[in-house]
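The values are calculated or read from the model by the stated rules, or taken from the named source; none is laboratory data. Predicted, not measured: the structure shown is a model, and the values here were computed from it. Glycine also receives a Cβ, built like all others from the backbone with ideal geometry; neighbour counts cover every protein chain displayed. Calculation scope for accessible area: heavy atoms of the full protein, side chains included, ligands and nucleic acids excluded. Shrake-Rupley method; radii C 1.70, N 1.55, O 1.52, S 1.80 Å.
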Amino acid sequence: MKIFIYWNRIDNDSKKIYKFLKKDSFREELESKNEVYYHEPYISFQIDKSILEKIASSDVVMFFTHGEEDAILKSKYIQQDQKKNFSFIDFENASILAKKKVIAICCDSAKALGRYCVDTDIKSDFYIGFQDGIIYDDGAHKNVRGLIYDSYSDAFEKTILLSLHSKCNAQQFVQYLIKSINDMMTNKILNETDDRTLGSLGTITFHRQSAASLIALGNVCSPVFC
């Protein structure tokens, strides 16, 4: 299969939460059976013809970045009037995802953009994404953000590789990922910190809410990798 991966390395949090993407072992395993193209900018960029051609020729398109209900973003922006320049995929160019298997690991985009991609003439094969925000901390513990970065990164890596070898479908991918996110966070709290207050109801609740907002839309029985 041909796979396109966009990894936002412009923003510090995106570099950390998706850090598994830089591991040689992960790339080697993914590339062993697939043709993979990575676009992983460190600075702001314009979407040019070569990027669009890579997406158009791919079977699976994966985004690891920031998002909003109606857009997958290249990176964060500060003022609302900047949004258009920072949008990677929105309603105007979503047709590039026609017939694609889409995995959007970013905040919110499944809520509106994902439904648009599967429900209109675009007919993306499926769209996996979050309907709400990916919460990085609980606002109460200074150490929790690092643990969450690590738990998400480990969960994303584990689920993608499991799906690669098990030929699971989109719905199963979401189920595996929800379980992995929750399991990884619990493991980090129990085994990598002495601060047991990180296991408080508030911290775990925020984290589980993020995981629970994951959804598969469209042809949920379609295999993720085949």
For this session: Return only the number of the condition from (1) open to solvent by less than 60 Å² (accessible area, probe 1.4 Å); (2) touching a Lys or Arg at 6+ places or on another chain (Cβ under 6 Å) that residue 59 does not satisfy.
Result: (1)
For this session: Could you grab the pairs with beta carbons closer than 6 Å, sequence gap of 6+ or different chains, first residue in the range 15-40 and open to solvent by 80 Å² or more (accessible area, probe 1.4 Å), second one in a helix (DSSP H, G or I)?
Result: 16/149
Exercise. Can you pull out the residues in the range 68-84 that are free of Cβ contacts under 8 Å to residues at least 12 places away in the same chain and assigned to a helix (DSSP H, G or I)?
Worked result: 80, 81, 82, 84
Exercise. Does the range 74-85 include one or more residues that are modelled with pLDDT of 95 or more, surrounded by 15 or more Cβ atoms within 10 Å (Cβ to Cβ), in contact with a strand residue (DSSP E or B) (Cβ under 7 Å, 6 or more places away or on another chain) and closer than 27 Å to residue 221 by Cα?
Worked result: no
For this session: Might you check whether a residue that is under 13 Å from the mean Cα position of the chain (by Cα) and of a type in the set (A, V, I, L, M, F, W, C) occurs anywhere in the range 72-83?
Result: yes
Exercise. If the Cβ limit is 9 Å and pairs must be 6+ apart or interchain, which residue in the range 106-117 that is on the phi < 0 side of the Ramachandran plot and of a type in the set (Ser, Thr, Tyr) pairs with which residue that is open to solvent by 40 Å² or more (accessible area, probe 1.4 Å) and at pLDDT 95 or above?
Worked result: 109/68; 109/69; 109/70; 109/131; 116/70; 116/91
